[in-house]
Each structure stands twice: as structure tokens, then as C-alpha cells.
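Encoded as C-alpha cells, the structure appears first; notes follow it.
The values are calculated or read from the model by the stated rules, or taken from the named source; none is laboratory data. Because the structure is predicted, anything quoted here is derived from the model rather than measured. In this analysis, Cβ positions are derived from the backbone assuming ideal geometry, glycine residues included, and neighbour counts consider all displayed protein chains.
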Amino acid sequence: MRERVHPLLAAEYDNMLHCVRCGLCLSVCPTYQETFDEEESPRGRIAMARALTEGHIGVTPDLLRHLDSCLLCDACTAICPAGVQMEELGVALRTVLEESRPHSRRERVLRHLVLRRLFPHMGLFRVLVRALWLYQKSGLQRALRASGLLRLLRLAEVEALLPPVDSRFLVPRGQVWGPRAATLPSQRSGDQAPRQAALFAGCVMSTALAEIDRATVRVLQANGFTVHVPAGQGCCGALNAHLGDREGARLLARRTIAAFEQTPEMPVVVNSAGCGAMLKHYPHLLANDPAYAARAQRFAARVRDISELLYDLLREGQLNTAMGPVGLVATYQAPCHLAHAQRLRAEPLALLRRVPDLELRPLPEADLCCGSAGVYNLTQPDMAARLLKRKLDQIEATGAEAVISANPGCIMQIAAGLRQRAAAQGRAPLRVLHLVEVLDQAYCNASQENASPC
Amino acid sequence: MLSQALRDELAAIVGRANVHDGPAQLIAYSYDGTFQQHLPDVAVSPTTTDQVAAILRLAYREGLPVVPRGGASSLAGGTIPETGGIVLNLARMNRILEIDRANSCAVVEAGVVTARLQAAAEAEGLFYPPDPSSLNQSTLGGNVACNAGGPRCLKYGVTKDYVLGMTVVLADGRILRLGGKLIKNVTGYQLAQLFVGSEGTLGVITEPILRLIPLPRHRATAVAVFRSLDDAGVAVTAVMQAGVLPVALELMDNLCINLVEDYLHAGLPREAEALLLLEQDGNDPAAVRGEVEVMAGICRAHGAVEVRLAQDEQQRAELWAVRRAVSPALGRAARNKLGEDIAVPRSQIPAMVRRIQEIGRQFGLTIPVFGHAGDGNVHPNILFDRTRPGELERVEQAAAAIFRAALELGGTLSGEHGIGTLKREFLLEALGPEVVAVMRAIKQALDPKGILNPGKVFPLRAGETGRAQPGFLLALPALAGLGPE
């Protein structure tokens, strides 16, 4: 190893050495499958990281290019026979390279504003998303899009990604909502403690996509849960980590852990695959923080993706199966951070199979990244567009009328792509739904059959 | 260092974006599935046979080494550019040009991944049997160039048995079209077969024509547990003489069983000396199952303490999961491993495994053994940590002892991985000087300037005696060049 090597790289060196170069990761890596260039593969990136650590190469433009193009989708980690943890390596690399990267003043200011001012401060974040809502509702969006000004400012791609913003946000204030379902298997047997869950509301999920958070609460209630929304929670820090701001991520991780210590013991339920993966990763992120290492372990052990929690109920015969028909032909796109990072592949599908009148069409390469990957679609627009096209072609080929996913990034990316395609062809776009929205609809339809409002 | 003029010439052939010559990019073309590493001067990604020919004309003119590379999953150092030069990345030549149902064959480009052809063939009710365990990342060009095998080859034969023809580019850029969509073809020398197993030293295979057969519709699988390795060995030969030809007959030794159990927690019998996995396929489900029951019976009669037949697809997957876990289990058990690939007459398998166990004890190394018992091809994997002083020297001695034991038992150096750089120093011991001289004459005739994958297959340091000299492993480029130290 080099004499003076960055401590983060030194800490990851063993991880790099685990690679036996078998090349299995090439078969699942989105950027390799698009380019067939070894430098765009996980094996190539590990070898480059190792060469950097050992001092054989420096921080060259081509090194930055091929490390930046990694989606951190973790498909390689999930398939690696030797146990290389690619996301950990990727985050360390981003942080190290960020320090030696030549940044313009404008980039530095923007990074600081977004990573250290916007995402850590949910109040500010909400104001901004509210402004977006106003922008969309006031007719300004239509006017601006028509004016061509967005293209002029090179904001057209970013702007096109924006989902229609929800009008009602879910602001975590320590709310507690009791269960709704009257007759649940466990309550009939009467031998279990009342079910409790703490909702991780998320930043995008609690604002722009707040209806998904509310659907999550309703689905939990329908399964007999009392749902808590602890105050003081905010963004999980995944964005910071992926952009090489490891310190910012640690800051947000400590805050999240503290917020959920107000509701100890109960599971922390997440509906955003990316956030869930990040929350489960806190022990690694805070491993050398004496005040938080053990707390991070306890916290991470409580984290459950909503599909994970409900699947456990299903397996124990405890899931509320009083569902009504949804009348939908859909396909399921597996979010990377659910399928790869959290290894939750069968669980979402098993739940969806319980929904009456839902025809699930298989999606080829369902767990290949759609190109969203946090803000990858903004930082690497070309590769993101290639992956999105590949995904949309496959979705459309299924003949489904809706795509079901479980992560805000995928949902926004795929929805934006489908909107653009539909607009170009002058037809209505396919619907994009979160898994909990489908379940919520099914529960709602069941109670409508019983003539009670949902 | 390649001159700018040559880089421009390469860019004119394949396009600037397909010339990889950044310092980090070169790292990505410096390795294969072994521990070796050496930088090329440049890597290029052609997309047509004509581009490959143009690159070779240039290389021939300049006397530049050319190393063809598909998935770079070689376990013998076959794609290490150990003398620099041009790495030819064929991964982008990945079109399945044709699946011809009427003539039961496929025409593919060299960079098509093995599993992709298998899936495409199965969609047409056809079957491409060779199944190297790297089938998700290895390419058909590489499979043909290395004559790849796999578990199923016991019944169905190896890659060479499926090569009907090919387009191949010679060192000077001439393009040969050999064979065709024909099962029978004795017009002239079987030149297509000459390139099978040539490991990129005779030409660059760009478009193999591969035979396909009807897809068997049913499979049945069983596992047999043996307290004694010798019993398992006798059972293998008994099964193979019983008038049934299994599709796979896989062996794991006691060390392997324990490492897999550490990894999978599947409840494997840790005290067992051997585990055999048996599989049959065919179109008549009763006959397929019947044959597996016959094999299971033979195992019981020869001392198997437990025999389990998979009752459904899930149980079958569970049995194979144990076999497939060998590689990751071994990969995680030690920092480094050297996967060997000897083959012996199958009656000698118990003797070979015993010799390997002795060698492990002699050199203080852990050497689990697994492999394809039905065809005598076994994979002793030497586990080690190369940061420990002196360990690599012992690994080298153990590897040499294993090669020589295999040769003494009437076997050979490599069943399916190839010679590459790892085993080249033993070629003379394995084949004798006359055979190697004929091979050299063929190499000289087809590649007089020696630009194609130079240094591979043939011994570099064996000297007068023809015996491999110490350093055959230690002197390899990973350790001298871009190593960890």
C-alpha cells in the first residue's frame, strides 16, 4: 500500500482484496451491460480503487469518470461470491475523490446548499417542495415549459423529472394513529400484544409523494398497528453519502437514531427502499463513533421495509387478507435498494399475489437499475437516459397498464419517462404506483364492499 | 508506450471512444480470474470481424502483442497481457446472429455470454449443453478458445463437441471461414478444431457456429453421503458401469463439505468423507427418475450412509445450491485461493484425492477438493494468504506436487481451465518434447511473428530438462508488477 493513503481507502482495502476477479458481477452491472467496457464494471472499479490505494495510479480524469458512473445500485454486492461490499467501497471512494476533485466555486456553493442546508433542514425542504407545488398549480409550470426558458437554462431535464407534488404533506410531529381493522387474526386469538410501528416518513415521501406515506399508515392500521410518527426525524442521509458527503450523512444518521429512540422497541417502518437500505447501514457508517455505534446497531435491527414487515405477517398467517379487487394489469419493477441492498425480492411479489384481481406480468431484468439511483439521473444524465429507455421498453413490452415499485427515485424516474413517451405519442401515460398504494386500494375496496368508507 | 500515430490508427479502425488508454482504464484490462496482473499498452473494443482483422494487420505490421479477451474469467492466466501490447476486448461483439432450428445450430459472435445463448436456445426448445461454472460471465469465443467444460459434459461432451465451424482471424489479419452448419464434414483438415483450445495463440475466433440439440424436458437429482472416500470412488465407477450415463456426477470432499456448511448452514454431514451429487435428464419422466433410482441404489450398495432424491424442483434447487456454494464458500474461507483443474482416469479419483490430502498436510495448506467425479476432472483449491511470509512458496510447491501426482496417475494438468500462464512450465512434463515440438511448429506456421497471446501455453523457463523450475508461480506478473505489496 502507498505510504500516505487516505484512511477511508485504507479502511476499505480489505474489502477490495476480497475480489477474486471471477467477473460474475459483470452479468448484473447496468453500466457494464450498456457499454461492455471493463472499466464500467464493478470488477474494473474495484481494480482501479486498489491501484489507487496501492499508488499505481493517481486521481486521473478517467478514474473519476468510471467511478462516478457507478450507480451504487448494489447489484454486484448481492451477487458477489466473495462478499465484496460495493456500496461501502463506493461511498468511501466518493468521499475521498470529492476532496481531490477540482470544483468550481459555483459547484462548491451548490453542494453546500443542497447537502448541508436543504436536506438536513426539513422545514426548508418543505418550503421548497411547497413552492414547487405552487409552481405546478399556478400555471407557471405550463407557462415556463411553453416559453422554452427551461431549455435555455438547461433545467428542462431536471424539471421534467418533477412528480406532480402532493398538496398535503405529512409533517412528523409525534402523531399516534390507532388501528382501524375490526377483525384481525391475531386479535381473534387474543394472545398478542397490540402491534406498534414507528413510521420513517422520509423527505420526498412525506412531501412530494405524501400520499404514499398516508397509504402506508392506512395499510399498517388495516393490519392492526398503532402507527407513531416520531418528531425530529428528517432525511436519512443517503443522498449525502452517495454524493461523497460522508460527514453530512453521519450527521443525519445521528439525528434519525435519536428521533426514533423516542419510540423504542417497535419496528421502524420504511416505504422508501433507498432510505431503508441507508437506515440498515447506519452501524457501518457510525462504527467508529463511540457515542453512536451501539445505538446505531440497536436502531438498524429495528428497521423493516414495509414489504418485509407485511410479508412476516403473511408468513405467520397474520396478514389482513380482507382485500377487494383492484382490477389492474401491472408489472413489478424491483428497486435496487430493495432487491439488492436489502435482499427483499420474493416478499413484495408474495404480497402482491394476495391482491384480488391484480394480474402481475413478469418484467424482464426487473431488478436492473432504472437509472434513477438517487440523483444519478441529474449527475449522469446520458447513462441514466440509456437505462431508463431500456427499462421503459421492457415495461411497455409487458402490455401492463401500471408499474408497481417501492422507492421514490424509481417511481419519479419511471413516471417521468412514461409521461414523456405518452406526451410524444399523444396518449395517457401508464400509471406508476407504490406497492402500498396497491395494498391500500385493495383494503379500501374491501371496506367499500362492506359499505363503510375507507 | 504506444505512439500517438498508432493510437490514431486504432481509433480510425474502431472509433476513438472504443480505444481505452487512460491510466485507470488500462488497469481494467490487466487481469483475469486469477491473481495475475499486467498492464497492456492499450485496449480496443472492436464490433466486427473486419475491425478485428484491421487491428491484427496493424499489430502484425508493428509486431505488437495481441491478447483476445471476452469475459476475462480465465482461471489460468489466459487473458493476462503479460508482455503489454493490445488487449482485444471482444465483449461488444455480442450478437446472436442466428438460431437455425432447421439445422439445429447457432451462429454467434465471440462476445455472446454462454448463458445468453443457452436461454435463447431454450426459448426455441433447443439446448446448448456445455456449462462452465462461469457461464453467466464467460463468452462463447473464450469457451471455444479454451474448450470449456462443466458438470454436464460427462453426458453431453465438452465445447469442442459442439463446434461445427467458425470465422477466425489469423495473426496477419487474414479471415478464415471454417466448417459450416454441417454435422459431417471431412473436406480437408479439421481446421476449426485446431483453434478449439488454442487459447488465443493461433487466431482470434470471432464467429463460432455451434451445434444445438433438443432440450431434454425432465431432470431428476439425488445426493449421496459417504462416510468413506474410497466407497464414494467405488460407487462412481460402479455407476458408470451400470449402463446409465448420468448428466452430472459431482464430488465434494470432507473439507469442502465443511466449508460449504460454514457458509450455507444447510445441515450437511460434517463427518462425511464425500458427497456425490447425481443427476439424470431426458424426455420420459419415469425413465429419468428410474435411472436416478438405479444410481441411488448403487450408491447405497457401495456404502452410502444416506441417499436423498429430490422430490420436486425446489428440492432439486436446494441440492444444487450446495454444489454451487462451493466456490463462494471457498472464496470466503481464505484471502487467496489457487483453483487447480487436474483430470485423472476416474478409477483413480480416490487415489488422487488422498494424494492431494497428503500434499496439503506436507505443506501445511488447506486444500479442499471438489469436481466432476464422473469424468475424473477434479478441482483441488489451495487456500492461502499471500501476505504471510513464505506461504506462496509453499503453495507453489504444493501445486507442483499436485500436477506431478496427476501425471503419475495417468492424468493431465488441466481438464477444462486451460494452460495459460499457470501451468505452462509443466507442459513438457505432461506431453513430452515431441508433442510440444509439433505444437510449436503449428504455432510458428500460423503466427510466425509470435504476436498472438505471446507466452501462453508454452513453457518459458523449463530449460533443457523440460522440468518446471521453481518460480513458475512466484515469477508471474501479479506478484512482480501490480501486486498488493
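Okay, here's what the table says:
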quantity: Count - residues of region A:360-392 that are among the charged types (D, E, K, R) and either in contact (Cβ under 8 Å) with a residue 40 or more places away in the chain or in the same structural domain as residue A:216 (by TED's automatic domain parsing) (or both); calculated: 4
quantity: Hey, residue A:120 touching a residue at least 24 places away in the same chain (Cβ under 8 Å), buried (at least 21 other Cβ atoms within 10 Å of the Cβ) and more than 8 Å from every other protein chain (Cβ to nearest Cβ) or not; calculated: no
quantity: Region A:46-74, residues that are closer than 19 Å to residue A:341 by Cβ and either assigned by TED's automatic domain parsing to the domain that holds residue A:384 or in contact (Cβ under 8 Å) with a residue 40 or more places away in the chain (or both); calculated: A:46, A:69, A:71, A:72, A:73, A:74
quantity: Per-region count, region B:266-285, residues over 18 Å from residue B:248 (Cα atoms) and surrounded by fewer than 17 Cβ atoms within 10 Å (Cβ to Cβ); calculated: 5
quantity: Restricting region A:298-330 to residues that are surrounded by 18 or more Cβ atoms within 10 Å (Cβ to Cβ), touching a helix residue (DSSP H, G or I) at 6+ places or on another chain (Cβ under 6 Å) and small (Gly, Ala, Ser), the residue that is nearest to residue A:434 (Cα to Cα); calculated: A:307
quantity: Filter result (touching an Asp or Glu at 6+ places or on another chain (Cβ under 9 Å) and within 20 Å of residue B:286 (Cα to Cα)) within region B:214-239; calculated: B:215, B:216, B:217, B:218, B:219, B:220, B:221, B:222, B:223
quantity: Residue match in region A:61-83 (condition: hydroxyl-bearing (Ser, Thr, Tyr), within 14 Å of another protein chain (Cβ to nearest Cβ), under 17 Å from residue A:16 (Cβ atoms) and surrounded by fewer than 24 Cβ atoms within 10 Å (Cβ to Cβ)); calculated: yes
quantity: Residue count for region A:75-128, restricted to those that are of a type in the set (Lys, Arg), assigned to a helix (DSSP H, G or I) and farther than 21 Å from residue A:279 by Cα; calculated: 5
quantity: Residue in region A:20-47 that is surrounded by the fewest Cβ atoms within 10 Å (Cβ to Cβ), counting only those that are among the polar types (S, T, N, Q) and more than 9 Å from every other protein chain (Cβ to nearest Cβ); calculated: A:33
quantity: Pick from region A:256-297, criterion without any contact (Cβ under 8 Å) to a residue 40 or more places away in the chain and under 19 Å from the mean Cα position of the chain (by Cα), ranking: surrounded by the fewest Cβ atoms within 10 Å (Cβ to Cβ); calculated: A:283
quantity: Among residues of region A:173-199, those that are surrounded by 15 or more Cβ atoms within 10 Å (Cβ to Cβ), at pLDDT 75 or above and in contact with a helix residue (DSSP H, G or I) (Cβ under 8 Å, 6 or more places away or on another chain), counted; calculated: 7
quantity: Long-range neighbours under 9 Å by Cβ, at least six apart or interchain, first residue outside the structural domain of residue B:382 (by TED's automatic domain parsing) and closer than 18 Å to residue B:224 by Cα within region B:313-332, second surrounded by fewer than 16 Cβ atoms within 10 Å (Cβ to Cβ) and of a type in the set (D, E, K, R); calculated: B:315/B:308; B:319/B:308
quantity: Verdict on residue A:17 being surrounded by fewer than 20 Cβ atoms within 10 Å (Cβ to Cβ), facing chain B (nearest Cβ under 9 Å) and in contact with a helix residue (DSSP H, G or I) (Cβ under 9 Å, 6 or more places away or on another chain); calculated: yes
quantity: Some residue of region B:359-366 being buried (at least 24 other Cβ atoms within 10 Å of the Cβ) and of a type in the set (A, V, I, L, M, F, W, C); calculated: no
quantity: Subset of region A:20-46 (residues that are closer than 26 Å to residue A:366 by Cα and not in a helix (DSSP H, G or I)); calculated: A:21, A:22, A:23, A:28, A:29, A:36, A:37, A:41
quantity: Helices (runs of 4 or more DSSP H) within region B:225-312 that include 3 or more residues touching a Cys at 6+ places or on another chain (Cβ under 9 Å); calculated: B:229-240
quantity: Unique match (being buried (at least 24 other Cβ atoms within 10 Å of the Cβ) and closer than 19 Å to residue B:375 by Cβ) among B:220, B:192, B:224; calculated: B:224
quantity: Extreme residue, nearest to residue B:17 (Cα to Cα), among residues of region A:47-70 that are outside any helix (DSSP H, G or I) and at pLDDT 95 or above; calculated: A:69
quantity: Members of region A:204-234 that are buried (at least 24 other Cβ atoms within 10 Å of the Cβ) and either over 30 Å from residue A:446 (Cβ atoms) or touching a Ser or Thr at 6+ places or on another chain (Cβ under 6 Å) (or both); calculated: A:205, A:213, A:233
quantity: Inter-residue pairs, beta-carbon under 8 Å, first under 19 Å from residue A:141 (Cα atoms) and in region A:156-180, second among the β-branched types (Val, Ile, Thr), 6+ apart; calculated: A:163/A:411; A:165/A:129; A:165/A:207; A:166/A:207
quantity: Residues satisfying the stated conditions in region B:216-236, i.e. closer than 30 Å to residue B:96 by Cβ and touching a helix residue (DSSP H, G or I) at 6+ places or on another chain (Cβ under 6 Å); calculated: B:218, B:221
quantity: Out of B:410, B:418, sole residue that is of a type outside the set (Phe, Trp, Tyr), surrounded by fewer than 15 Cβ atoms within 10 Å (Cβ to Cβ) and in a loop (DSSP other than H, G, I, E, B); calculated: B:410
quantity: Candidates A:140, A:150, A:144, filtered to the one that is outside the structural domain of residue A:58 (by TED's automatic domain parsing), exposed (fewer than 13 other Cβ atoms within 10 Å of the Cβ) and at pLDDT below 85; calculated: A:140
quantity: Criterion: among the aliphatic types (A, V, I, L, M) and over 30 Å from residue B:176 (Cβ atoms) - qualifying residue of B:442, B:356; calculated: B:356
quantity: Some residue of region B:115-127 being over 24 Å from residue A:32 (Cα atoms) and within 19 Å of the chain's Cα centre (by Cα); calculated: no
quantity: Every pair of residues 6+ apart whose Cβ atoms lie under 6 Å, when the first sits in region B:445-459 and is farther than 14 Å from residue B:68 by Cα while the second is assigned to a loop (DSSP other than H, G, I, E, B) and of a type in the set (Asp, Glu); calculated: B:457/B:199
